[in-house]
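Reading through the structure tokens given below for one structure.
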Amino acid sequence: GRQLGDPPAAAAAPTPHSAPGPAAGGRGDTAHARARLARSQHALLAALTGDAPAPLGFDAERLRVQRSALAGKRAAVMAKVAPRLPAVLGDAYHGAAVRYADRHPMTEGFHESARDFARRLTDRRTGPTLSWSQRRRLRRWLRDHD
């Protein structure tokens, strides 16, 4: 069977009419191929880190597993760069951080992800139910790290 990232059968081997050769390998063909590759890479990244569907030719279940693993890794790295977060949340940290990572693609880096996660936790309207003490400690951490 095909593996994650294997091209679809139709794209595995170019047909003689579509394969670039000496006559068809001009600058326009290269730019077109690069643009197509960039779109494909963007679609794959969006499926792995956002809520985009699996791109054509990729197994949706395998991408879901990879996405989950990446969210878990992100939660672990956020815990390392911001150890106060798991200290405040205790056993609830990992699940909350994975849910956050799964729903909010990383745009700035792990430190900013940790700060954004803490901001969302302290929001009474949308954040989880936290004790007064947890909310206070997270706000203090945010004040010190913003």
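The values are calculated or read from the model by the stated rules, or taken from the named source; none is laboratory data. Remember, it's a predicted structure, so these values are computed and weren't measured experimentally. Counting neighbours? That spans all protein chains shown, and the Cβs are built from the backbone with ideal geometry, glycine included. Quick note on the areas: whole protein, heavy atoms, side chains included, nothing else; ligands and nucleic acids left out. Shrake-Rupley method; radii C 1.70, N 1.55, O 1.52, S 1.80 Å.
Summary table
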read-out	value
Residue check, residue 104 within 21 Å of the chain's Cα centre (by Cα), under 21 Å from residue 42 (Cα atoms) and of a type outside the set (A, V, I, L, M)	yes
Single residue of the stretch 31-67 satisfying the filter (open to solvent by 60 Å² or more (accessible area, probe 1.4 Å) and polar (S, T, N, Q)) that is modelled with the highest pLDDT	66
Residue that is among the charged types (D, E, K, R), closer than 28 Å to residue 53 by Cα and open to solvent by 60 Å² or more (accessible area, probe 1.4 Å), where the choices are 125, 99	99
Matching entry among 54, 43, 35, 96 (being touching a helix residue (DSSP H, G or I) at 6+ places or on another chain (Cβ under 7 Å) and in a helix (DSSP H, G or I))	96
Test: residue in the stretch 81-91 that is open to solvent by 20 Å² or more (accessible area, probe 1.4 Å), over 30 Å from residue 42 (Cα atoms), part of a loop (DSSP other than H, G, I, E, B) and free of Cβ contacts under 8 Å to residues at least 60 places away in the same chain	yes
Cβ-Cβ under 9 Å pairs, at least 6 apart or on other chains, the stretch 58-77 side in contact (Cβ under 8 Å) with a residue 40 or more places away in the chain, far side surrounded by fewer than 18 Cβ atoms within 10 Å (Cβ to Cβ) and assigned to a helix (DSSP H, G or I)	58/43
Identity of the residue in the stretch 102-122, touching a Ser or Thr at 6+ places or on another chain (Cβ under 8 Å) and in a helix (DSSP H, G or I), that ends up surrounded by the most Cβ atoms within 10 Å (Cβ to Cβ)	102
Residues of the stretch 105-118 that turn out to be in contact with a helix residue (DSSP H, G or I) (Cβ under 7 Å, 6 or more places away or on another chain) and of a type outside the set (S, T, N, Q), as a count	8
Every residue from the stretch 37-75 that is farther than 15 Å from residue 104 by Cβ and touching a Ser or Thr at 6+ places or on another chain (Cβ under 8 Å)	55
